[in-house]
Amino acid sequence: MKQLLFVFAAAAGLVAQQAAPPAQHESMDPKSCSMHAEHMKEQASAADQRFAEMNARGDRSMGFEQSKTTHHFRTLEDGGAIEVTVNDAADNTNLAAIRHHLSQIAKQFAAGDFSTPMMTHAEMPPGAAEMQKLANKIAYTYEELPAGGRVKITTGDPAALAAVHKFFEYQIKEHRTGDAPAAHQH
């Protein structure tokens, strides 16, 4: 009998907790949440931690220090361009590493190998699987830049273009480049 009474009391307590949400969360308006600022700090801290972890993985998978370089993912009407440059023009070590990395990326992507971005981001970037499937419809060209290198990605295929732009939108967000995503719908 005592066990039955205990089970009933515990169940009643659970129902009461579920029926009455905490007072600070009664409204869906974030301004009414007394913990809103704290939640925002926690989100920013988690995003900064994720960014730092991505950069550490990028140092290893790309072979150069992310903090000493600048990435750009430029969306173009026929594809896009991945550009990486050194922040210091005298940084010959990272300049050589960037050029080596990007020349390899052009070859790997053309072969449908997206293992480097997967290692950097700890997940397969959106658009990459489609780019693998449509590899014969996409061209990858490596070019040297004065302070780094560029991989131009071009296609005339609408499905491949959509995949390239999806891949670039993810990269822009993840690397926090501030570059503009594709302006048109596919």
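Determine, yes or no, whether Thr85 is touching a Ser or Thr at 6+ places or on another chain (Cβ under 7 Å), modelled with pLDDT under 95 and either over 25 Å from Lys166 (Cβ atoms) or among the hydroxyl-bearing types (Ser, Thr, Tyr) (or both). Full working, then the answer.
Numbers: touching a Ser or Thr at 6+ places or on another chain (Cβ under 7 Å): yes; modelled with pLDDT under 95: no; either over 25 Å from Lys166 (Cβ atoms) or among the hydroxyl-bearing types (Ser, Thr, Tyr) (or both): yes.
In short, no.
Residue-by-condition table, conditions (1) surrounded by 15 or more Cβ atoms within 10 Å (Cβ to Cβ); (2) modelled with pLDDT under 95; (3) within 26 Å of Leu161 (Cα to Cα); (4) basic (Lys, Arg):
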{"site": "Gly63", "(1), (2), (3), (4)": "yes, yes, no, no"}
{"site": "Ser67", "(1), (2), (3), (4)": "no, yes, no, no"}
{"site": "His72", "(1), (2), (3), (4)": "yes, no, yes, no"}
{"site": "Glu77", "(1), (2), (3), (4)": "no, no, yes, no"}
{"site": "Thr93", "(1), (2), (3), (4)": "no, no, no, no"}
{"site": "Leu102", "(1), (2), (3), (4)": "yes, no, yes, no"}
{"site": "Ile105", "(1), (2), (3), (4)": "yes, no, yes, no"}
{"site": "Ala110", "(1), (2), (3), (4)": "yes, no, yes, no"}
{"site": "Met119", "(1), (2), (3), (4)": "no, yes, yes, no"}
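Only one residue in Ala97, Ala11 is modelled with pLDDT of 90 or more and surrounded by 10 or more Cβ atoms within 10 Å (Cβ to Cβ). Which one?
That would be Ala97, the only listed residue that is modelled with pLDDT of 90 or more and surrounded by 10 or more Cβ atoms within 10 Å (Cβ to Cβ).
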Strands (runs of 3 or more DSSP E) enclosed by the range 77-169 - at least 1 residues per element that are in contact (Cβ under 8 Å) with a residue 60 or more places away in the chain, under 19 Å from the mean Cα position of the chain (by Cα) and at negative phi: 79-86, 148-155
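The values are calculated or read from the model by the stated rules, or taken from the named source; none is laboratory data. Owing to the predicted nature of the structure, the values given are computational and were not obtained by experimental measurement. A quick note on method: Cβ atoms are made from the backbone with ideal geometry, for glycine too, and the neighbour counts reach across all protein chains shown.
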